[in-house]
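Encoded as structure tokens, the structure appears first; notes follow it.
The values are calculated or read from the model by the stated rules, or taken from the named source; none is laboratory data. Just so it is clear, the structure is predicted and the values come from calculations on it, not from any experiment. Cβ placement follows ideal geometry from the backbone for every residue including glycine, while neighbour counts extend to all protein chains displayed. Side chains are part of the model used for accessible areas, which takes the heavy atoms of the whole protein and leaves out ligands, DNA and RNA. Shrake-Rupley method; radii C 1.70, N 1.55, O 1.52, S 1.80 Å.
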2 protein chains.
Amino acid sequence: MKLGSLKEGGRDGTLVVVSNDLGRAIRVPDIAPTLQAALDDWDTHEPELRSIYRLLNQGGQADAFPFDPAAMASPLPRAYQWADASAYLNHVDLVRKSRGATMPPSFLEDPLMYQGGSDWFLPPTGDIPVASEDYGIDFEAEIAAIVKDIPMGAGPEACGDAIALLMIVNDVSLRGLIPAELAKGFGFFHGKPPTAFSPVAVTPDELGDAWTGGTIALPLISTWNGKEFGHPDAGDDMNFTLPQLIAHAAKTRPLRAGAIIGSGTVSNKDSSRGFSCIAEIRAVEAIEQGEPKTDFMKFGDTIRIEMLDAQRASIFGAIDQKVVKYDGPA
Amino acid sequence: MKLGSLKEGGRDGTLVVVSNDLGRAIRVPDIAPTLQAALDDWDTHEPELRSIYRLLNQGGQADAFPFDPAAMASPLPRAYQWADASAYLNHVDLVRKSRGATMPPSFLEDPLMYQGGSDWFLPPTGDIPVASEDYGIDFEAEIAAIVKDIPMGAGPEACGDAIALLMIVNDVSLRGLIPAELAKGFGFFHGKPPTAFSPVAVTPDELGDAWTGGTIALPLISTWNGKEFGHPDAGDDMNFTLPQLIAHAAKTRPLRAGAIIGSGTVSNKDSSRGFSCIAEIRAVEAIEQGEPKTDFMKFGDTIRIEMLDAQRASIFGAIDQKVVKYDGPA
């Protein structure tokens, strides 16, 4: 099943069921006005939404209309929690090596995770407003899960069962602000402006065999200014599965319905597949050529992030954004 | 005006207007079902709620019922953003000194702020469930603001104008988990389990002269196991005002209605006023006596946090909690 949120309605948008081929969508006000409302009582609403989805895929549902990614907000336009990990340690290892540091062995057992802001997500297609190119504007292509209620201390198996939906992510990062911020010791804040998610969120069964129970075993394609920048496979070189990351998040707190847990930048050891963020190619350049050669994003740059199924059809729709100069509050 | 949320209703509770003396409360379903709904359209709903508040204080409103702190959820039982600073640098300075480190001079100009989890807050009265006393269970008494929509890049003046409500806070902290977590570089996560806020949130005008425009110039009283532990004045020794902290939070992102920004542990240079967290008295003990003497909280311990007006009446109601052992998911 595929679900999304139209920009219309209130701050939480309007829930729509989207057809498997991303061709048509339908509002479902009699089931739930918003995706958060559906998640708040998922066990009741999921089967109701699936009934609509089946009819929609069969060509039924006269009230359906053409699906337009540009009309979509983030599947959750705002959320109550967004926690993002760094589960592909090849990324961490490369970035550390490029500055002459090594990765602590504990990183292999204890996931890195930061708390992100979630009161407003960027729409999947549209602008990324940034005040200055000097901030070092970067994308990070990732995968993420939206969960049901999870009690504190739940293990990976229970956490896997609690995954309601999956998305792909652009975890926009301001590299120039991060080193000073992390040196202060309190973690990311300015360096992680609002994140973007895919036009639709999908249930794990929608992925067939590509859903391993732990991750999505498919390439995640990042296209920067119209040129493919990377297609690392989200199924390879992931040191912690999504259920393991969710269990990590739940160690000292419950997670409540609609919480989003991300994988961090997808990164493979096989560098011929390219990269999911600019910081990583810069790290490789620093290691191999003595210094980074690739600049960060400029105003006007575009980034497209997508995942295709075996038939080369888009699963989540494309994150398709443009970096624009933000001139300050009106 | 004083507002709170009954535990009844859905995940966001049920909005009530509470009388100035915390004696009576009334549901306002015709205005807004929840505090978040009121904040989503604050400029419309605030005057409507104030009308009810005036009548309630005059003894009117036949539908009012006795106010019971135990029936209250957090004013926002869940929120879309909770960002907490460390604006009383005396606290930071002491903790650093106790481990032989100094505070970087940049801390005087660039606020410390971490992103907290916000998908579930502890009720103001009730249990703090923790899996192990070895986690180093601590309270942190703070003040916080709930804001209206704020555009990215807004300055302190605009941010001050956007403060809708004020609360007091227990930012529960697990000291034993924090050093290893911060050493990983991604900031707090396990060390900051769910936070508690006061039974009611109040508009700044409610504080009279005690609201300076930047902070609340009143003592914040922490009582641990029935004994006063500290009453530092939130108006003294604050290095960054709430509007400055909010502007810091809005540097690279907009803040959306209902976002909560906290001050960090209230701490005064005059140590005769006591402390707002155990970590700080332990730091002073380490500096003065060579090692910390005071243990962290044990199962069964209670913590009460309150702020009184000039007539010794409780402004926000008391945060009144008990630490209990959490035995894991059922």
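See the values below:
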{"read-out": "Filter result (buried (at least 24 other Cβ atoms within 10 Å of the Cβ) and either free of Cβ contacts under 8 Å to residues at least 60 places away in the same chain or assigned to a strand (DSSP E or B) (or both)) within the range A:144-163", "value": "A:A144, A:A145, A:I146, A:V147, A:I150"}
{"read-out": "Some residue of the range A:229-250 being within 14 Å of chain B (Cβ to nearest Cβ), open to solvent by less than 10 Å² (accessible area, probe 1.4 Å) and assigned to a loop (DSSP other than H, G, I, E, B)", "value": "yes"}
{"read-out": "Filter pass, A:Q289 being surrounded by fewer than 24 Cβ atoms within 10 Å (Cβ to Cβ), out of contact with any Gly (no Cβ under 7 Å at 6 or more places or on another chain), of a type in the set (S, T, N, Q) and under 20 Å from A:A201 (Cα atoms)", "value": "no"}
{"read-out": "Some residue of the range A:280-290 being touching a residue at least 40 places away in the same chain (Cβ under 8 Å) and assigned to a loop (DSSP other than H, G, I, E, B)", "value": "no"}
{"read-out": "Subset tally (residues that are in a loop (DSSP other than H, G, I, E, B) and within 14 Å of another protein chain (Cβ to nearest Cβ)) for the range A:309-330", "value": "5"}
{"read-out": "Matching residues, the range B:107-123, being more than 8 Å from chain A (Cβ to nearest Cβ) and out of contact with any helix residue (DSSP H, G or I) (no Cβ under 6 Å at 6 or more places or on another chain)", "value": "B:L108, B:E109, B:F121, B:L122, B:P123"}
{"read-out": "Enumeration of residues in the range A:170-223 that are assigned to a helix (DSSP H, G or I) and touching a strand residue (DSSP E or B) at 6+ places or on another chain (Cβ under 9 Å)", "value": "A:E181, A:L182, A:P204, A:D205, A:E206, A:L207, A:A210"}
{"read-out": "When residues of the range B:106-122 are limited to those that are open to solvent by 30 Å² or more (accessible area, probe 1.4 Å) and within 25 Å of A:S118 (Cβ to Cβ), the one nearest to the chain's Cα centre (by Cα)", "value": "B:W120"}
{"read-out": "The range A:7-42 - residue that is part of a strand (DSSP E or B), open to solvent by 10 Å² or more (accessible area, probe 1.4 Å) and not β-branched (V, I, T) and, of those, farthest from B:P77 (Cα to Cα)", "value": "A:R24"}
{"read-out": "Candidate set from the range A:297-330 (those that are at pLDDT 95 or above and at positive phi); member that is most open to solvent (accessible area, probe 1.4 Å)", "value": "A:R312"}
{"read-out": "Among (1) hydrophobic (A, V, I, L, M, F, W, C); (2) surrounded by fewer than 23 Cβ atoms within 10 Å (Cβ to Cβ); (3) free of Cβ contacts under 8 Å to residues at least 60 places away in the same chain - the single one A:L207 does not satisfy", "value": "(3)"}
